[in-house]
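Please treat every number below as a calculation from the coordinates, not as lab data. Keep in mind it's a predicted model, so treat the numbers as computed, not measured. No Cβ is skipped: glycine too gets one built from the backbone with ideal geometry, and neighbour counts run over all protein chains shown.
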Amino acid sequence: MYCDRCGRAVVDGDHTACARARELEPPRYCALCRRRMVVQVTPTGWTARCAEHGERTG
Amino acid sequence: MADILAVARTQVLEQGIGLGQDQALDCLRLPDERVDDLLDLAHEVRLRWCGEEVEVEGIVSLKTGGCPEDCHFCSQSGVFDSPVRSAWLDIPSLVTAAQQTAATGATEFCIVAAVRGPDARLMAQVREGVRAIQEAVDINVACSLGLLTQEQVDELAGIGVHRYNHNLETARSYFDRVVTTHTFDERRETCEMVRQAGMQLCCGGIVGMGESLEQRAEFAVQLAELDPDEVPLNFLNPRPGTPFGELHPMGAVDALRTVATFRLVMPRTILRFAGGREITLGDLAERGVRGGVNAVIVGNYLTTLGRPADEDVRMLADLRMPIKALARNL
């Protein structure tokens, strides 16, 4: 599993700051494969698409 | 030496004459214990010269990432190792975003593209998008598409874009520390063409990028020289992978001092809270709205998230500040 903000393995270091930042950011990396996702932010939400693992929304 | 707030009360509040650069610097140097007085005066100035209404706007990215420019604050530059990938928004999604924005009570919807300037493909997408929004949504459409040619300025004015955003970003003396792929004067030229074409000019920038207080005062005055209809004031939100990614966000009191000072330099402009206010000000954003600001971006930004729009609308209601209604020139 990977941090969806910084893309590093979740077991690699402390991701507390990433989690805090993610409150005001969409994910950028797929948590399953670490691919950079194509992210679209709109006024009320976001979609993040991984070529392998599909779309997340928030 | 006369106290700067006493001077500003006479010059700005009573006479409507914005502060000059040295006076702005005096405000930016006021000690923390005088910041409340500064904010109170900025609020009085805003009420006197702009009225009590607050303008609400939403923004969306039509074309995200992959920009050839090297604006050091921007995660959408293709020059840096940023996690932001290129994306295009389709027209139906653009219209939906405009509808969601209008539902908040907003009167402005700004279409933004991360480009040096628009190419033929982007201009075609903008033409189609503006027309689709105008047919479906009762909202003013603004655009932010980078540097423009005269032909593009004329075309945007012709299709009914009523406001164009192009920021100076920072002071002339600091600009080459922020951007090296185009010049301050190129930005200024686009702003001047926009004004001459009859579109409203939205021109602001970002503070907290390492500029000195002197440069911040210089920036405020250089904005005022353009006489913009709107000044969006962003606070640096350091983005991973960008040259400014390791800078610390500006302190809240400094941010408030800056807001109030910009108001005293530009008593009549629409001064908008834009990106970075959540991480810089947190709950103190409300103090900014009682300290010179008379416009907000609601909802999310281009690549980062903002407060939910209903929280800002509730804040304005609690402050008894009416949201500006849509007014069209017939």
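Looking at segment B:282-323, which of its residues are farther than 11 Å from B:Thr104 by Cβ and within 12 Å of chain A (Cβ to nearest Cβ)? If the condition is that a residue be farther than 11 Å from B:Thr104 by Cβ and within 12 Å of chain A (Cβ to nearest Cβ), then B:Gly282, B:Asn300, B:Tyr301, B:Leu302, B:Thr303, B:Thr304, B:Leu305, B:Gly306, B:Arg307 are the ones that fit. When the residues of segment B:77-94 are filtered to those that are more than 11 Å from every other protein chain (Cβ to nearest Cβ) and under 23 Å from B:Ala124 (Cα atoms), the one that is surrounded by the most Cβ atoms within 10 Å (Cβ to Cβ) is B:Ser77. For B:Leu326, indicate whether it is within 13 Å of another protein chain (Cβ to nearest Cβ), within 28 Å of B:Ala224 (Cβ to Cβ) and touching a residue at least 24 places away in the same chain (Cβ under 8 Å). When the stated conditions are applied, B:Leu326 does not pass them.
Among the residues of segment B:164-211, the one identified as free of Cβ contacts under 8 Å to residues at least 24 places away in the same chain and either outside any helix (DSSP H, G or I) or touching a Pro at 6+ places or on another chain (Cβ under 7 Å) (or both) is B:Thr183. As a summary of the residue check, A:Ala31 satisfies the conditions (1) at positive phi; (2) more than 11 Å from chain B (Cβ to nearest Cβ); (3) within 10 Å of the chain's Cα centre (by Cα) except for the one numbered (1).
A quick yes/no check of all residues on (1) of a type in the set (Phe, Trp, Tyr); (2) more than 26 Å from B:Val60 (Cα to Cα):
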residue: A:Tyr2; (1), (2): yes, yes
residue: A:Asp12; (1), (2): no, yes
residue: A:Leu24; (1), (2): no, no
residue: A:Pro27; (1), (2): no, no
residue: A:Ala31; (1), (2): no, no
residue: A:Met37; (1), (2): no, no
residue: A:Arg49; (1), (2): no, no
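Condition check ((1) in contact with a His (Cβ under 9 Å, 6 or more places away or on another chain); (2) within 11 Å of another protein chain (Cβ to nearest Cβ); (3) among the basic types (Lys, Arg); (4) closer than 15 Å to B:Tyr301 by Cα) across all residues:
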| residue | (1), (2), (3), (4) |
| --- | --- |
| A:Met1 | no, no, no, no |
| A:Ala9 | no, no, no, no |
| A:Gly13 | no, no, no, no |
| A:Glu25 | no, yes, no, yes |
| A:Arg35 | yes, yes, yes, no |
| A:Gln40 | no, yes, no, yes |
| A:Thr47 | no, yes, no, yes |
| A:Gly54 | no, no, no, no |
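For segment B:150-195, the set of residues classified as over 24 Å from B:Ala124 (Cβ atoms), of a type in the set (S, T, N, Q) and surrounded by fewer than 17 Cβ atoms within 10 Å (Cβ to Cβ) consists of B:Ser173, B:Thr180, B:Thr181, B:Thr183, listed by residue number. When every residue of segment B:112-128 is checked against the conditions, at least one turns out to be within 22 Å of B:Asn294 (Cβ to Cβ) and in contact with a strand residue (DSSP E or B) (Cβ under 6 Å, 6 or more places away or on another chain).
Does any residue of segment B:239-252 turn out to be crowded, with 20+ Cβ neighbours inside 10 Å and within 14 Å of another protein chain (Cβ to nearest Cβ)? Among the residues of segment B:239-252, at least one is crowded, with 20+ Cβ neighbours inside 10 Å and within 14 Å of another protein chain (Cβ to nearest Cβ), which makes the answer yes. If the condition is being buried (at least 24 other Cβ atoms within 10 Å of the Cβ) and under 21 Å from B:Arg239 (Cα atoms), then segment B:95-112 contributes no residue at all. Applying the criterion of being touching a residue at least 24 places away in the same chain (Cβ under 8 Å) and surrounded by fewer than 21 Cβ atoms within 10 Å (Cβ to Cβ) to the residues of segment B:40-49, the residue that is nearest to B:Ile297 (Cα to Cα) is B:His43. Would you check if there is a residue in segment B:116-125 being within 14 Å of chain A (Cβ to nearest Cβ) and either over 18 Å from the mean Cα position of the chain (by Cα) or touching a residue at least 24 places away in the same chain (Cβ under 8 Å) (or both)? No - not one qualifying residue is present in segment B:116-125. Taking the condition more than 15 Å from the chain's Cα centre (by Cα) and either among the acidic types (Asp, Glu) or more than 14 Å from chain A (Cβ to nearest Cβ) (or both), does B:Glu230 pass? Criteria not met by B:Glu230.
Once segment B:32-70 is narrowed to residues that are outside any helix (DSSP H, G or I) and hydrophobic (A, V, I, L, M, F, W, C), the residue that is farthest from the other protein chains (Cβ to nearest Cβ) is B:Val54.
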